[in-house]
1. Among the residues that make up region 348-368, is at least one of them assigned to a loop (DSSP other than H, G, I, E, B) and out of contact with any strand residue (DSSP E or B) (no Cβ under 6 Å at 6 or more places or on another chain)?
2. Filter region 182-199 down to the residues that are under 19 Å from Arg272 (Cα atoms) and not acidic (Asp, Glu) and list them by number.
3. One residue is enough: does region 313-323 have a residue meeting the conditions surrounded by 22 or more Cβ atoms within 10 Å (Cβ to Cβ), within 16 Å of the ligand (Cβ to nearest atom) and either aromatic (Phe, Trp, Tyr) or closer than 20 Å to Trp192 by Cβ (or both)?
4. Return the residues of region 267-301 that are in a helix (DSSP H, G or I) and either farther than 22 Å from Ser29 by Cα or more than 11 Å from the ligand (Cβ to nearest atom) (or both); say none if nothing qualifies.
5. For the subset of region 220-249 comprising residues that are under 20 Å from Gly103 (Cβ atoms), out of contact with any Lys or Arg (no Cβ under 8 Å at 6 or more places or on another chain) and within 16 Å of the ligand (Cβ to nearest atom), which member is modelled with the highest pLDDT?
6. I'd like to know if region 158-177 contains one or more residues that are aliphatic (A, V, I, L, M), in contact with a strand residue (DSSP E or B) (Cβ under 7 Å, 6 or more places away or on another chain), part of a strand (DSSP E or B) and closer than 26 Å to Leu286 by Cβ.
7. Does Glu141 qualify as being closer than 30 Å to Pro84 by Cα, more than 11 Å from the ligand (Cβ to nearest atom) and either modelled with pLDDT of 95 or more or not hydroxyl-bearing (Ser, Thr, Tyr) (or both)?
8. When you scan region 158-167, do you find a residue that is more than 13 Å from the ligand (Cβ to nearest atom) and of a type in the set (Phe, Trp, Tyr), even just one?
Amino acid sequence: MNQTAEDTTVVIVGGGVAGLALGNFLLRSGIACVILEKHRREHVEHRQRAGSLDPRGVLVLREWGLGEVVEGSVGHDSSDAGMPLLIDGQRHFWKMTEDDVDGAFCPQQILVRNLIEVFLRDGGDLRFEAEDVALQGIGTERPQVSYRDAAGERRVLGCDFVAGADGYHGVSRTAVPADVLTCDTHEFGYAWLTVMAEVPADPPAVLAVHSRGFAAQITRGPNASRFYLQCPVTDTVGHWPDERVWTELGTRFGAPVAREGPITSKQVVPLRGVVFSPMRHDRLFLLGDAAHLISPMSAEGMSLALHDAEVFARAVVRQVENGDPGLLDSYSDTCLGHTWERQAAAVWMTDTMHDSGDASYAGGFRKRIARRNLESMVADG
Ligand SMILES: Cc1cc2nc3c(=O)[nH]c(=O)nc-3n(C[C@H](O)[C@H](O)[C@H](O)COP(=O)(O)OP(=O)(O)OC[C@H]3O[C@@H](n4cnc5c(N)ncnc54)[C@H](O)[C@@H]3O)c2cc1C
């Protein structure tokens, strides 16, 4: 098998939100980088996942001149009356802070598609179908990342830094020795049945707290919604035929879902938080889901990925332009500080929205506490 060697400044493993945002930030800063993505372009551009960006995420993209990638997104403040919060079938409204209204509902596959388009348009080097990625010499001056390209040829990239942005199941994190890496995990003890359906969401987001459990409908584009139903972690998709999904949503919302349409996918996802530390090992830097998972109740997975990408991009720019490694040295602490702050908020929000509903998970005492917390989130509470 042939082996071809090339050089760049940063090899980015993974073309998800973190990797693509980082690639665009570096490209705009004139810093050479190559993004290696395992899957085909079509696959990543159609992969439905998250759909919400926090105000900081939107701001970061705009500050880097990438406002066009969120153009056309629906703002968090798009509903005149505010975001409905159904408590035991009664309509209340979410208390929006000044910050909340600057966020946006932006389906992840659309953000990814736009980031790819802009990166390639502006001359970025993005290689799809990069298989068997392997990291070598992370502790040396010149790490190498090897992979097999779509034609089956083995290629090697020498670089100054490796950005491990290949998600929770990626390979980058395995390059950190086990005795160096700490993993802190919290299991919430319940799951979400997440359901994609060809149904418009109007308003773009509705959350429901009910004695049968949490439920929600969030927009994923003009004619698509993701529905969520809290369920036991032992449930499987087989427990949830379509008819049961619609009936249960109607019960927890206090009224039938306005328009039923075809269900295109279902998945049972246990809710949990995970943080790996440190987020840097020698010349390898972990970004996004490669370093942490956050409860989807917080809808902050994409925003955390953008945060890491921005901090790392600024650190590389400082190093390359000024020879100052200060921001690279503080990368892990900076990102972990932010991550733990968001994890704390996510745990509070997840507990409040779930414990205040079906008491069979956490008990009556927790339900009373959660209901008190819920009052502080309701505009008319
Ligand atoms: C099914 C699902 C549903 C979700 N729903 C929500 C939600 O509703 N709300 C929310 O806030 N968050 C949600 N998330 C989380 C959110 O999608 C992530 O936090 C976000 O995608 C993180 O971005 P990332 O770039 O770090 O990782 P990813 O988006 O996972 O990107 C990693 C990229 O690396 C690539 N890759 C993996 N391994 C390799 C390899 N060996 N070599 C090269 N490339 C590789 C992958 O193909 C992928 O393109 C969900 C996640 C999943 C999986």
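1. For region 348-368, residues assigned to a loop (DSSP other than H, G, I, E, B) and out of contact with any strand residue (DSSP E or B) (no Cβ under 6 Å at 6 or more places or on another chain): present.
2. Of everything in region 182-199, those that are under 19 Å from Arg272 (Cα atoms) and not acidic (Asp, Glu) turn out to be Thr182, Cys183, Thr185, His186, Phe188, Gly189, Tyr190, Ala191, Trp192, Leu193, Thr194, Val195.
3. First pass over region 313-323, keeping only residues surrounded by 22 or more Cβ atoms within 10 Å (Cβ to Cβ): 313, 315-316.
Now drop any that are not within 16 Å of the ligand (Cβ to nearest atom), which leaves 313.
Narrowing further to those that are either aromatic (Phe, Trp, Tyr) or closer than 20 Å to Trp192 by Cβ (or both): none.
Checked region 313-323: no residue is surrounded by 22 or more Cβ atoms within 10 Å (Cβ to Cβ), within 16 Å of the ligand (Cβ to nearest atom) and either aromatic (Phe, Trp, Tyr) or closer than 20 Å to Trp192 by Cβ (or both).
4. Initial filter on region 267-301 (in a helix (DSSP H, G or I)): 288-290, 296-298, 301.
Correct list: Asp289, Ala290, Pro296, Met297, Ser298, Gly301.
5. Tyr228
6. Yes, some residue in region 158-177 is aliphatic (A, V, I, L, M), in contact with a strand residue (DSSP E or B) (Cβ under 7 Å, 6 or more places away or on another chain), part of a strand (DSSP E or B) and closer than 26 Å to Leu286 by Cβ.
7. Taking the combined requirement at face value, the residue does not satisfy it.
8. Within region 158-167, one or more residues are more than 13 Å from the ligand (Cβ to nearest atom) and of a type in the set (Phe, Trp, Tyr).
The values are calculated or read from the model by the stated rules, or taken from the named source; none is laboratory data. What you are looking at is a predicted structure, and each value in this text was computed from that prediction instead of being measured. FYI the Cβ positions are ideal-geometry reconstructions off the backbone, even for glycines, and counts take in every protein chain you see.
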